[in-house]
Amino acid sequence: MRTFDLIRDAVLPDFRERVAEYLIQYETVLLCENAPDPELARATANQLRGYLRGLNTTRVLGMADWEELDRRVVNTWL
């Protein structure tokens, strides 16, 4: 399953729509057909990690989910 699909599934149902709106911005850069500038991809991946950390801090995302998603972001884009 794709990383962004896993994020959407891991978020509490009440927050999925709002989170999905934010994820589009990250997906646009990280999953574009033309390889993004490596610096832009790295910066975007780090921003995504911070966003996921914030979701975990506000209890919108569980700790186990956050750890797995963070690992996937690092392994895929960093």
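Annotation note: of Glu68, Glu17, Glu27, the sole residue that is part of a helix (DSSP H, G or I), of a type outside the set (Val, Ile, Thr), out of contact with any strand residue (DSSP E or B) (no Cβ under 9 Å at 6 or more places or on another chain) and in contact (Cβ under 8 Å) with a residue 40 or more places away in the chain is Glu68.
Identify, from the list Glu21, Glu39, Glu17, the residue that is more than 23 Å from Glu68 (Cβ to Cβ), surrounded by fewer than 12 Cβ atoms within 10 Å (Cβ to Cβ) and out of contact with any Pro (no Cβ under 8 Å at 6 or more places or on another chain). If you could, list the steps in order and put the result at the bottom.
Working: Glu21 fails: more than 23 Å from Glu68 (Cβ to Cβ); Glu17 fails: more than 23 Å from Glu68 (Cβ to Cβ).
None of the others qualify; the one that does is Glu39.
Can you say whether Val60 is surrounded by 13 or more Cβ atoms within 10 Å (Cβ to Cβ), part of a helix (DSSP H, G or I) and of a type in the set (Val, Ile, Thr), as far as the supplied structure shows? Criteria not met by Val60. Here segment 30-57 is the region considered, the condition is being aliphatic (A, V, I, L, M) and part of a helix (DSSP H, G or I), and the residue that is farthest from Leu78 (Cα to Cα) is Leu55.
None of the figures in this text is laboratory data; all of them are computed from the coordinates on show. What you see is a predicted model; the values in this text were computed from it and never measured. Note: ideal-geometry Cβ built from the backbone for every residue, glycine included; neighbour counts use all protein chains shown.
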